[in-house]
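Sharing a structure with you now.
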Amino acid sequence: MVKLVIGIQWGDEGKAKVVDYLACDADYVVRFQGGANAGHTVFVDGRKYVFHLVPSGLLHPKTSVVIGNGVVVDIEALLGELKEISQGVSLDGRVFISRRAHVVLPFHKLMDGAKEEKSVQKIGTTRRGIGPAYIDKADRVGIRVCDLYQPGLETKIEAATEVKRFLLEKYYGMTNLPSIPEITDSLYKQAEAIKGYTADTELLLQNAYRQGKFILMEGGQGSLLDVDFGTYPFVTSSNTISPGMFSGTGIGYIPDLGIVGIAKAYITRVGEGPFPTEETGAIGESIRRKGKEFGATTGRPRRCGWLDTVIGRYSIGINGVQEIFMTKLDVLDELETIKVCTAYELDGKKIDYPPASAEELRRVKPVYQELPGWKASTFGARKYGELPANARSYIEYAEAKLGCRISYISTGFEREDVIIR
Ligand code: GDP
Ligand code: IMO
Ligand code: MG
């Protein structure tokens, strides 16, 4: 069985909490795109774990984790993460890294940061080198995990860095850039450290699927950050939506794939780009405070706003979402009224589909339905009947507007704070 957990907003929907919750019987948890730009938080028994590259399944002792070929791997960051996790958890035979995954080099991170500093069009990236690494992959000068064990690595690194070195020095005015031998030496050391984890992960997953194992695919980022269907150019550089799972793992066609869309009960966004339902005043601030909405990777304050069912329906469509796991309902507990965006107005015309252009999306005015708040705690609720009537009305209204069943509701950050409807 294969289940895919995918964010249907702008990331940070609580995917890791959901993955951790669904993974108790999982044989494998798999990342298939993105890299250390992800910040996936799991709380178990009061302890907080933040995963960036490592899939959020390692806390279940019988679950193995796979970093698929579609991920861009910062090996130094990965080793740091594995070291931290290994303090309480055995990693023996439980971690697999695709030989076909691309490696994030120091120059990728430098380019990412330099572009962000100087460009006239800032994206607000996480500066983890994600865009430049995917550029090199498409440009056929990327370094893959398998290359680390072959002769000629220095030449490959030179091919990958020569133009960037020129740009960084001459255009961005940087000095003291790492030399090719320095990069090669440190990569050789990192390669040694991960050698035991490398595998042909596509084959591993194909066999596991055939044997009836439970494979949980963990999306990074969110659908509105997808490089094709997101709010381009304010997106990440990978396919975050469900089809990314196929090219990012090589698992093959899965006729019985289950697709769970994760949506917060409101919305957040980090970085630049249009966000029609954003609340920049006191309400946004109170959601940020109550929801602890600060980036798990960069610590940046997240922009906060109301649930937007226009982009929700759009995301459900492009992903083929079958059911929704709604998170962070408890964050809305204190609000007097709660708004849900049901349509947009663009240049005086009502529309119910997001425009393709970021400029138009920036101009839309949300059409809201206001619902009464419940002014009571839902924190930690585990039964639907325990929720206040207004909280249930909110869920049911959102469900009707999204046109997709909300099967699970998360009411707290701990693993067990979940309602199954
Ligand atoms: P991800 O990137 O989608 O995995 O999400 P993040 O980890 O970046 O951000 C989600 C945050 O919300 C984390 O700090 C979670 O611990 C927290 N969280 C998840 N579900 C709930 C919930 O239902 N209620 C509350 N209060 N916090 C939650
Ligand atoms: P998780 O998996 C939220 C955003 C960045 C920026 C844009 C491009 O934790 O949900 P990048 O570094 O990828 O080139 O940045 O994408 N972004 C995220 N926002 N959650 C994430 O991951 C994100 N990963 C990238 O803020 O706007
Ligand atoms: Mg996150």
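Which distance in nm do the two modelled labels at Tyr171 and Glu323 give, with both placed 7 Å along the Cα-to-Cβ direction?
4.9
Same structure again: When only DSSP loop residues count, what chymotrypsin sites (Phe, Trp or Tyr not before Pro) in region 244-337 have their Cβ near at most 10 other Cβ atoms within 10 Å?
Tyr253
As an exercise, identify the trypsin sites (Lys or Arg not before Pro) in region 345-376 lying in DSSP coil whose Cβ has no more than 13 other Cβ atoms within 10 Å.
On the way: sites: Lys349, Lys350, Arg362, Arg363, Lys375; in loops: Lys375.
Passing sites in region 345-376 are Lys375.
I would also like to ask the following. How many percent of the alpha carbon pairs in region 293-344 exceed a separation of 14 Å?
68
So what are the ³J(HN,Hα) numbers for region 400-413, from phi and the Karplus equation (6.51, -1.76, 1.60; θ = phi - 60°), rounded to whole Hz, Gly and Pro as x?
5, 6, 7, x, 8, 5, 8, 8, 10, 10, 9, 10, x, 7
Loop only per DSSP, at most 11 neighbouring Cβ atoms within 10 Å: give me the GluC sites (Glu not before Pro) in region 300-360, ordered by residue number.
When the GluC sites (Glu not before Pro) of region 300-360 are filtered for loop state and at most 11 Cβ neighbours within 10 Å, Glu336 remain.
Let me ask something else about it. Using Cα centres only, tell me the gap between region 24-46 and region 140-192 in whole Å.
29
Here is a follow-up. Report, in listed order, any pair from Lys83/Lys109; Lys17/Lys328; Lys3/Lys213; Lys292/Lys328; Lys15/Lys83 with a Cα-Cα distance greater than 18 Å.
Lys83/Lys109; Lys15/Lys83
Between Lys48 and Lys118, 0.36 nm times their residue separation minus their Cα-Cα distance comes to what?
Value of the extension gain: 21.6 nm.
Please report the base-10 log of the normalised intensity I(q)/I(0) for region 262-420, using a Debye sum with one equal scatterer per alpha carbon and no solvent, at each q in 0.13, 0.16, 0.21 (1/Å).
Each listed q maps to, in turn, -0.60, -0.93, -1.55.
Another one. Give, in nm to one decimal, the length gained when the segment between Lys213 and Thr280 is fully stretched (0.36 nm per residue of separation minus the Cα-Cα distance).
19.5 nm
What percent does the relative contact order of the chain come to when contacts are Cα pairs within less than 8 Å and at least six residues apart?
Averaging sequence separation for qualifying contacts and normalising by length gives 20 percent for the chain.
Bin width 10 Å, alpha-carbon pairs only: give the P(r) of the chain as whole percents, running from 0 to the bin holding the largest distance.
Reading upward from the zero bin: 5, 22, 31, 25, 13, 4, 0.
Moving on to the next point. Of the cross-linked pairs Lys122/Lys164; Lys339/Lys401; Lys48/Lys339; Lys264/Lys350; Lys264/Lys365, which ones have a Cα-Cα span greater than 23 Å in the structure shown?
Working: Lys122/Lys164 19 Å; Lys339/Lys401 13 Å; Lys48/Lys339 31 Å; Lys264/Lys350 25 Å; Lys264/Lys365 21 Å.
Over 23 Å Cα-Cα: Lys48/Lys339; Lys264/Lys350.
Please check: in the Gaussian network model of the chain (C-alpha springs, under 10 Å), which one of Val44, Val29, Val270 has the largest mean-square fluctuation.
Its mean-square fluctuation being the largest, the pick is Val44.
Roughly speaking, what is the centre-to-centre gap between region 269-314 and region 236-253 when only Cα atoms are used, to the nearest Å?
Using only Cα atoms, the two centres lie 26 Å from each other.
With the cut-off at 1.5 for a/c, could you classify region 102-193 from its C-alpha gyration tensor as rounded, prolate or oblate?
Values: a/c = 2.02, a/b = 1.63, b/c = 1.24.
Judged from the Cα gyration tensor, region 102-193 comes out prolate (a/c at least 1.5, a/b above b/c).
If R0 is 56 Å, what FRET efficiency do you get for Ser357 and Asp92 from their C-beta distance, rounded to 0.05?
Calculated transfer efficiency: 0.65.
Return the FRET efficiency for the residue pair Ile135, Ser186: r is the Cβ-Cβ distance, R0 is 25 Å, and the value is rounded to the nearest 0.05. Could you put the intermediate results ahead of the total?
On the way: r = 22 Å, r/R0 = 0.87.
FRET efficiency, Ile135 to Ser186: 0.70.
Read the figures in this text as sums done on the coordinates, not as results from a lab. These figures come from a predicted structure and were not determined experimentally. All Cβ positions, glycine included, derive from the backbone under ideal geometry; neighbour counts span all protein chains shown.
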